[in-house]
Amino acid sequence: MRTVLRTLTVIAALSAILAGASAGDSAQAQSTPGKFALLVAVGEYASPPAGTARVPTLNGPPNDVALMRNLLRTQYGFADADIVTIAGPQATRQGIIAAFRRHLVTNAQRRPGSQIVFYFSGHGSTITDRNGDEGDGVDETLVAYNSRLPGQRDITDDEIGGLFSRLSAHTNNTVFILDSCHSGTGVRDIDDPVSRELPPARPLAPAVGAADDVPEAASAFLPRRDSYILLSGSMASERSREGPIPAANGAVYGFFTYYLAQTLSRSPGDSYEHAIRDVRTAVLRVSPAQHPQVEGAIERVVFGREGDRVDPFIRIREAPAGGALTLDAGAAYGLREGSIVAVYAANVTNLTGEAGKIADARITSVSTMTATAQILGQPSRAITTEDKVAIVSLGGVGDRLRVRIDDIAGSADVFAPLSAALRENLLIEITSVGSPWDASVRRGCLVSGRLVTARETQPPACTPAYYLAPATSDQPLFNAWVTGLDAAATAARLAEFISNKARQENLRALDNARSPMRRQLTIAVQRVTVTGTGPEAVAVDGAILPNTGLTQLRVGDYVRLVVTNNTNEDLYVGLVQLGAGGSISVLPFDEQLRRGLTARTQVFRVGGRGGTETYKLIATTRPGVNFNVLEQPGVTRDVNASPLQWLLDQSANTNLRELDAVGVDLSSWGTAQVDVVIVP
């Protein structure tokens with residue numbers, strides 16, 4: 001399926017259209033670039049005639065656009081008058097196209113080089129490809145308010161490309177943000193109430209007059225990666241979902257939009273590449289089958305250039321009392337128990353590394369708008385309310401997985417030992433109905449080898465099967481369940497599932513956002529062709545897959561990992577595999593990677609089962625870090641060899657929690673990772 005990366009990459013084939021700039025536009029060619037945004041929300045749809053399918057209502061889009069509008073105004077300096085919002089009955093096919101031309105294209109012509117943002121929250125769908133440019137024979141679409149009425153139609157990805165072509169003559173700073181299904185290629189999806197997808201549209205109707213006509217992009221053109229960014233809620237084959245957000249008092253948002261806004265509020269000066277990685281980590285916690293994507297000029301700083309702003313920070317609401325700080329940010333800002341933060345002096349603008357740092361702290365309690373942080377070690381001086389707090393890592397130290405087990409309370413022989421095992425695990429919190437939760441243990445059954453889940457109709461007689469399900473689905477995590485064991489063994493196996501999930505979440509979120517190594521450590525997947533077997537096998541390196549979104553691999557593929565150190569330091573590195581089946585493995589790799597060099601792992605074969613897998617690079621300037629502790633969650637250490645070692649111990653250890661830690665030493669370590677989707 002061709003992605004919007006190709007849809008939006010339009011060049012000379014449309015030069016005749018682009019040449020239509022007026023003489024008046026030329027006279028204003030030296031105008032100062034501005035910032036202009038068009039935000040579209042389609043929650044309720046026009047009712048079709050009786051006898052035809054009704055478009056399900058979405059509850060999130062109105063909240064989504066309000067959140068995006070506030071983000072653009074408060075974090076990125078967009079003037080209120082330069083943000084146009086259209087919603088509901090205004091957001092017809094004709095209305096969206098007209099607003100795009102009137103507000104975005106006209107202002108780009110009038111003020112060349114402007115920052116342009118197009119945001120869409122609503123249903124997405126597909127339609128039969130008309131020009132042969134799609135490998136799978138379908139175009140992706142945005143579903144407007146009136147798209148499913150007689151004589152109307154969706155807006156296709158080709159048409160989005162045509163609209164983009166009119167912008168590209170005047171600016172190379174366009175951002176498309178799509179929270180809809182199939183948006184990984186240009187467009188939310190419908191076969192359940194919280195999914196943003198519609199069934200495929202009917203064949204395209206003729207255009208409804210010249211005012212509605214949008215030229216489609218050419219089907220074969222070269223990429224222009226420097227001229228746009230696409231941020232999308234999911235891969236082309238996935239659904240983008242919405243749901244209530246506990247930190248937002250239960251209000252419904254698109255998961256992608258909500259966590260994108262959180263991420264950009266915390267780090268508005270980050271690159272698109274790093275921002276989407278943080279968004280994906282957050283979304284996967286609530287919607288495991290949804291993988292946000294980024295395409296285009298991913299190395300750019302979000303909505304601008306580096307140097308446009310000082311590093312963002314959190315204010316200190318109350319000065320330290322008893323070694324604790326009260327921060328002017330909480331769950332709505334993305335903080336959670338276990339997050340690591342750093343305190344910098346008030347006059348420091350570059351909140352990176354150890355320069356100007358006063359202390360490290362760990363979040364110990366969180367409310368919606370505030371948080372409490374416990375200072376780690378001894379501050380270099382007294383902390384005041386004028387000093388600044390910056391997030392180091394949202395996870396990795398005491399971030400507990402919230403698990404419900406009350407669904408199997410009726411199976412007392414399994415419930416009791418499982419409850420006892422989980423209460424001993426410091427990475428897990430047992431919760432219940434009415435409280436936020438991440439996963440639940442459920443009892444289904446097997447019929448002819450197929451799992452019948454707890455929410456499906458159970459047959460009169462079947463073999464019991466226990467599994468762990470995420471909050472947004474009834475499908476088993478790791479595609480695994482427990483059956484055929486006695487009660488004690490079943491409880492032990494379930495406890496292992498839950499512990500693996502908690503450890504993986506901690507390690508996936510472990511990061512050092514204040515590291516000077518950030519953006520200078522890279523990791524990518526390289527395809528390898530292997531011919532022959534045994535000693536006669538020959539491996540030939542193939543393409544290095546760009547780490548621009550999710551890399552797709554198949555079970556049986558041969559690959560290796562490619563790691564580059566562009567820092568000015570020789571580094572000691574560890575490579576960790578967070579497997580689709582729940583495993584955590586330390587991959588064989590040369591311990592030291594010298595500055596300026598690239599290294600490759602041994603060739604390995606993709607195995608196991610389908611799902612999301614992460615390869616994480618953890619690097620430090622200090623030798624002696626024991627990465628194997630990540631595979632041994634029960635092992636404790638008498639002495640921490642380094643700040644990084646302490647973080648690793650806390651991240652993966654189920655029974656160790658030391659608050660009196662050594663300093664985190666932000667200059668000495670950093671991380672990078674690549675996420676892949678494995679297809680069976």
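So, in the range 501-522, exactly how many residues are surrounded by fewer than 19 Cβ atoms within 10 Å (Cβ to Cβ) and not charged (D, E, K, R)?
Counting residues in the range 501-522 that are surrounded by fewer than 19 Cβ atoms within 10 Å (Cβ to Cβ) and not charged (D, E, K, R) gives 2.
For the range 82-115, how many residues are closer than 20 Å to L167 by Cα and either assigned to a helix (DSSP H, G or I) or out of contact with any helix residue (DSSP H, G or I) (no Cβ under 6 Å at 6 or more places or on another chain) (or both)?
23
Tell me, please, whether a residue that is surrounded by 15 or more Cβ atoms within 10 Å (Cβ to Cβ) and under 24 Å from L630 (Cα atoms) can be found in the range 440-448.
no
Using beta carbons and a limit of 8 Å, which pairs, at least six apart or on different chains, have the first residue in the range 286-307 and closer than 13 Å to T174 by Cβ and the second one of a type in the set (F, W, Y) and modelled with pLDDT under 85?
Cβ pairs passing all conditions: G296/Y228; A297/Y228.
So for the range 293-305 (the condition being modelled with pLDDT of 85 or more and of a type in the set (F, W, Y)), does at least one residue qualify?
The answer is yes; a qualifying residue exists.
Could you say which residue among Q673, Q645, Q602, Q632 is surrounded by fewer than 23 Cβ atoms within 10 Å (Cβ to Cβ), modelled with pLDDT of 90 or more and over 24 Å from the mean Cα position of the chain (by Cα)?
It is Q602.
Each row is one residue, and each column tells you yes or no for (1) modelled with pLDDT under 50; (2) in a helix (DSSP H, G or I); (3) touching a Phe, Trp or Tyr at 6+ places or on another chain (Cβ under 6 Å); (4) in the same structural domain as F255 (by TED's automatic domain parsing).
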position	(1), (2), (3), (4)
L14	yes, yes, no, yes
S26	yes, yes, no, no
V40	no, no, yes, yes
T52	no, no, no, no
V65	no, yes, no, yes
N70	no, yes, no, yes
T74	no, yes, no, yes
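What are the pairs, 6+ residues apart or on separate chains, where a residue within the range 405-427 that is closer than 23 Å to E505 by Cα has its Cβ under 7 Å from a residue that is part of a helix (DSSP H, G or I) and among the β-branched types (V, I, T)?
L422/I498
So which residues in the range 478-498 are out of contact with any Asp or Glu (no Cβ under 8 Å at 6 or more places or on another chain), farther than 22 Å from G607 by Cβ and assigned to a helix (DSSP H, G or I)?
Selection gives A488, A489, T490, A491, A492, L494, A495, I498.
Here's a check for you: in the range 552-580, which residue that is assigned to a loop (DSSP other than H, G, I, E, B) and under 20 Å from the mean Cα position of the chain (by Cα) is surrounded by the most Cβ atoms within 10 Å (Cβ to Cβ)?
Applying the filter and picking the extreme gives A580.
Are any of the residues in the range 122-129 under 24 Å from D80 (Cβ atoms) and either at pLDDT 65 or above or within 27 Å of the chain's Cα centre (by Cα) (or both)?
Yes: one or more hits.
So which residues in the range 248-277 are part of a helix (DSSP H, G or I) and at pLDDT below 85, if there are any at all?
R266, E273, H274, R277
Out of the range 332-378, which residues are in a loop (DSSP other than H, G, I, E, B) and among the acidic types (D, E)?
E337, E354
Of the conditions (1) in a loop (DSSP other than H, G, I, E, B); (2) closer than 30 Å to G410 by Cβ; (3) modelled with pLDDT of 90 or more, D474 fails just one. Which one is it?
Just one mismatch for D474, condition (3).
So L394 clears everything in (1) at pLDDT below 90; (2) closer than 17 Å to W646 by Cβ; (3) crowded, with 17+ Cβ neighbours inside 10 Å except one condition, right? Which one?
With respect to (1) at pLDDT below 90; (2) closer than 17 Å to W646 by Cβ; (3) crowded, with 17+ Cβ neighbours inside 10 Å, L394 is out only on (2).
The values are calculated or read from the model by the stated rules, or taken from the named source; none is laboratory data. Source: prediction; values computed, not measured. Neighbour counts are summed over all protein chains in view; Cβ atoms, including those assigned to glycine, are modelled from backbone coordinates with ideal geometry.
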